[in-house]
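Heads up: the structure comes next, in structure tokens.
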Amino acid sequence: MLFKQQVWLRQKLLVLGSLAVGSLLYLVARVGSLDRLQPICPVESRFGDAHSQAEFPLRALQFKRGLLHEFRKGNSSKEQVRLHDLVQQLPKAIIIGVRKGGTRALLEMLNLHPAVVKASQEIHFFDNDENYAKGIEWYRKKMPFSYPQQITIEKSPAYFITEEVPERIYKMNSSIKLLIIVREPTTRAISDYTQVLEGKERKNKTYYKFEKLAIDPNTCEVNTKYKAVRTSIYTKHLERWLKYFPIEQFHVVDGDRLITEPLPELQLVEKFLNLPPRISQYNLYFNATRGFYCLRFNIIFNKCLAGSKGRIHPEVDPSVITKLRKFFHPFNQKFYQITGRTLNWP
Ligand code: A3P
């Protein structure tokens, strides 16, 4: 009898002990996490006037870094999503191009901002007839969960050069903000070529040299039928967009500068999107091995872009480069004039 009582008492003590240790650990973790959050992101200083504490709660930050990630991985229930007032919102800004301009880097870097939520995949809603026929609700359902106070951004570089897209986007939201990231046109064309070349090589296919595609062998002039050349005539594409949107709704990002000096470019975008400046030098560090800036979200989580970004370009005949630069020059001048941004390309 005495033995049974001793066992019962020991079990009870064990349960009570575990509960006490558990509670203690919980308290330590909670206080620790508050300590960590406070100096980095006190709500008021993060959002200044544009986003008051009521408008943009601290839990938005916790959500952005945690719950969203969990939900995407399927670890968070629909109830949790409802509990946190999360919604799938149509984008308030779209990176419409240009292909190989640095669209992925721009999207990922903007996603460092606590008020920005990115659509991870290129949706290709407006440029793909089959997708477009599925309707706007289909598009909305492709968007990530976010707080109403956050803005969703997507990028599909094919939008910039596809005929039907400006009208379709206008029909969705005539006051949407449009981001165009451009690089020096000849470099961009070579980058475009390099991507296609890599695809061919992967399939063990041979491909023409860049020089052969970019220069018409019959006339020895620039081959304007070559897509990589056409895409780099930025002003031609922009003019189509201007039939629907005023120039104030566009912001030009210098893709060459985003590579070498990303922060000032991102600060200009923050301003254009009416976001309080929250991306800092802390969030961007140069990775010598990659040869590019990489992203630092916090003390634990950082990442570089995939290896498919930042390929080594093939060597191109300097006379072809000169010819291309001469060809693009008048188009570039027009582009500067329309956009009000001079980029000093050769
Ligand atoms: P290259 O591969 O020619 O170097 P996009 O995302 O529109 O396809 O653009 C790809 C380009 O983004 C790359 O072209 C690369 O130069 C540029 N880029 C800009 N910032 C980068 C970064 N931080 N990491 C990797 N690539 C970056």
## Note on the structure
Scanning region 125-164 residue by residue, those of a type in the set (Phe, Trp, Tyr), closer than 18 Å to GLN249 by Cβ and not in a helix (DSSP H, G or I) turn out to be PHE126
### Query
If you check VAL117 against the conditions, is it at pLDDT 95 or above, more than 16 Å from the ligand (Cβ to nearest atom) and at negative phi?
yes
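Among the candidates ASN332, ASN344, single out the residue that is away from the ligand (no atom under 16 Å from the Cβ) and at pLDDT below 95.
Going through ASN332, ASN344 in turn, just one is away from the ligand (no atom under 16 Å from the Cβ) and at pLDDT below 95: ASN344.
Any residue that is assigned to a loop (DSSP other than H, G, I, E, B) and surrounded by fewer than 16 Cβ atoms within 10 Å (Cβ to Cβ) - is there at least one of those in region 229-236? First the steps, then the outcome.
Narrowing region 229-236 to residues assigned to a loop (DSSP other than H, G, I, E, B): 232-233.
Checking which are surrounded by fewer than 16 Cβ atoms within 10 Å (Cβ to Cβ) leaves us with none.
No, region 229-236 contains no residue that is assigned to a loop (DSSP other than H, G, I, E, B) and surrounded by fewer than 16 Cβ atoms within 10 Å (Cβ to Cβ).
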### Task
Would you point out which residue out of LEU295, LEU275, LEU343, LEU258 is in a helix (DSSP H, G or I) and either touching a residue at least 24 places away in the same chain (Cβ under 8 Å) or not charged (D, E, K, R) (or both)?
LEU258
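Listed residues TYR244, TYR285; which is surrounded by fewer than 18 Cβ atoms within 10 Å (Cβ to Cβ) and touching a Cys at 6+ places or on another chain (Cβ under 7 Å)? Working first, answer last.
Values: TYR244 fails: touching a Cys at 6+ places or on another chain (Cβ under 7 Å).
Unique residue meeting the criteria: TYR285.
With closer than 30 Å to ASN283 by Cβ, more than 16 Å from the ligand (Cβ to nearest atom), part of a helix (DSSP H, G or I) and at pLDDT 95 or above as the only criterion, which of GLU198, GLU239, GLU248, GLU167 stands out? Outline the logic, then answer.
On the way: GLU198 fails: more than 16 Å from the ligand (Cβ to nearest atom); GLU239 fails: closer than 30 Å to ASN283 by Cβ; GLU167 fails: closer than 30 Å to ASN283 by Cβ.
Only one candidate passes the filter, namely GLU248.
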### Query
Which of (1) farther than 21 Å from SER191 by Cβ; (2) under 22 Å from the mean Cα position of the chain (by Cα) does PHE292 not meet, given it meets every other one?
(1)
### Task
Kindly indicate whether PRO318 is out of contact with any helix residue (DSSP H, G or I) (no Cβ under 6 Å at 6 or more places or on another chain), farther than 24 Å from PHE160 by Cβ, more than 16 Å from the ligand (Cβ to nearest atom) and modelled with pLDDT of 95 or more.
yes
## Note on the structure
Exactly one of LEU106, LEU90, LEU112, LEU179 is within 16 Å of the ligand (Cβ to nearest atom), within 25 Å of GLU270 (Cβ to Cβ) and surrounded by fewer than 21 Cβ atoms within 10 Å (Cβ to Cβ), and that residue is LEU112
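The values are calculated or read from the model by the stated rules, or taken from the named source; none is laboratory data. Treat the numbers as computed from the prediction; the structure is a model and nothing was measured. In this analysis, Cβ positions are derived from the backbone assuming ideal geometry, glycine residues included, and neighbour counts consider all displayed protein chains.
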